[in-house]
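Chemist: What follows is a single structure, and I will ask about it in a moment.
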Amino acid sequence: FTSTFTSNFYFWLKSQDYFNIASYYQPLLHTWSLSLEVQFYLTFPLIFLILKKLNNNQIIFFLIFLIFSSLILSILFIGREQSFYLLPYRFCEFATGSICFFLKKNKNSELNDFISILAFIFLILVILSFTNVNFPGIKGFIVSFLTSLIIHFNSGRIFKNFCQNFMVQRIGLISYSLFLFHWPTIIFYKYLTFGELKLFDYITIVLISFVLSHLSYEF
């Protein structure tokens, strides 16, 4: 299922609650989101065949319609596995990013910095306040919306300097590998240890994940 990018269907059909403790020992659990991404990449070009016949404002309006339709669907079915794992319920998150492509860039550097930094702070606060109950729904959409604001208003001087920092650039380059390796590293590490993970264990897991990600990116 992972190899064919359909693992989200696998976990949905198994009624596998992502936040259930039993899920914490499945090293490929995180591939459900890769499946969603590929399914979106296959679906959106078909939608774009319709969109390209419209003008820019019509495209934005159409995407907003799709976003709200998907968001309402995800809210109505919140707490059920299909709302977590399947594309129609997550389309609002992807389309929120897509809409940035069609919006005109703002050239005011100070305003861009203000909005992007404010959105970044709110994003951190939202993530830290998360509980596992009733997700994704409106919570998932808020994360995507704030991230989209950061992407769209990323041309401010302060934010550009931050993004051009060597460490930030390096983490960005290896981020896909880091996503692929972090969860299996956590799971296999748990198989080799007993009891609750301590600070030393977390540091070790982070270091192993970064080393594997670096090697994956380079070679």
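The values are calculated or read from the model by the stated rules, or taken from the named source; none is laboratory data. Quick caveat, the model's predicted, so the values are computed rather than measured. Virtual Cβ from ideal backbone geometry, glycine too; neighbours counted across all protein chains shown. To get the accessible areas, we keep the full protein, side chains included, count just its heavy atoms, and leave off ligands, DNA and RNA. Shrake-Rupley method; radii C 1.70, N 1.55, O 1.52, S 1.80 Å.
Chemist: Just a yes or no: is a residue in the range 74-86 under 28 Å from residue 154 (Cα atoms), of a type in the set (Phe, Trp, Tyr), free of Cβ contacts under 8 Å to residues at least 40 places away in the same chain and open to solvent by 20 Å² or more (accessible area, probe 1.4 Å)?
Modeler: Of the range 74-86, the ones under 28 Å from residue 154 (Cα atoms) are none.
Scanning the range 74-86 turns up no residue that is under 28 Å from residue 154 (Cα atoms), of a type in the set (Phe, Trp, Tyr), free of Cβ contacts under 8 Å to residues at least 40 places away in the same chain and open to solvent by 20 Å² or more (accessible area, probe 1.4 Å).
Chemist: Hey, residue 96 hits all of (1) of a type in the set (Ser, Thr, Tyr); (2) farther than 30 Å from residue 2 by Cα; (3) buried (at least 18 other Cβ atoms within 10 Å of the Cβ) but one; which does it fall short on?
Modeler: That leaves (2) as the condition not met.
Chemist: Has the range 45-66 got any residue that is open to solvent by less than 60 Å² (accessible area, probe 1.4 Å), within 18 Å of the chain's Cα centre (by Cα) and more than 30 Å from residue 191 (Cβ to Cβ)?
Modeler: No, the range 45-66 contains no residue that is open to solvent by less than 60 Å² (accessible area, probe 1.4 Å), within 18 Å of the chain's Cα centre (by Cα) and more than 30 Å from residue 191 (Cβ to Cβ).
Chemist: Moving to a separate point now. With 210, 181, 200, 122 as the choices, which residue is open to solvent by 80 Å² or more (accessible area, probe 1.4 Å) and farther than 30 Å from residue 78 by Cβ?
Modeler: On the way: 210 fails: open to solvent by 80 Å² or more (accessible area, probe 1.4 Å); 181 fails: open to solvent by 80 Å² or more (accessible area, probe 1.4 Å); 122 fails: farther than 30 Å from residue 78 by Cβ.
Just a single option satisfies the conditions, and that option is 200.
Chemist: Another one. What's the number of the condition residue 12 fails, among (1) of a type outside the set (Asp, Glu); (2) open to solvent by 40 Å² or more (accessible area, probe 1.4 Å); (3) in contact with a helix residue (DSSP H, G or I) (Cβ under 8 Å, 6 or more places away or on another chain); (4) in a loop (DSSP other than H, G, I, E, B)?
Modeler: (4)
Chemist: Have a look at 70, 23, 15 and point out the one that is at pLDDT 85 or above and of a type outside the set (A, V, I, L, M, F, W, C).
Modeler: Testing whether each residue is at pLDDT 85 or above and of a type outside the set (A, V, I, L, M, F, W, C) leaves just 70.
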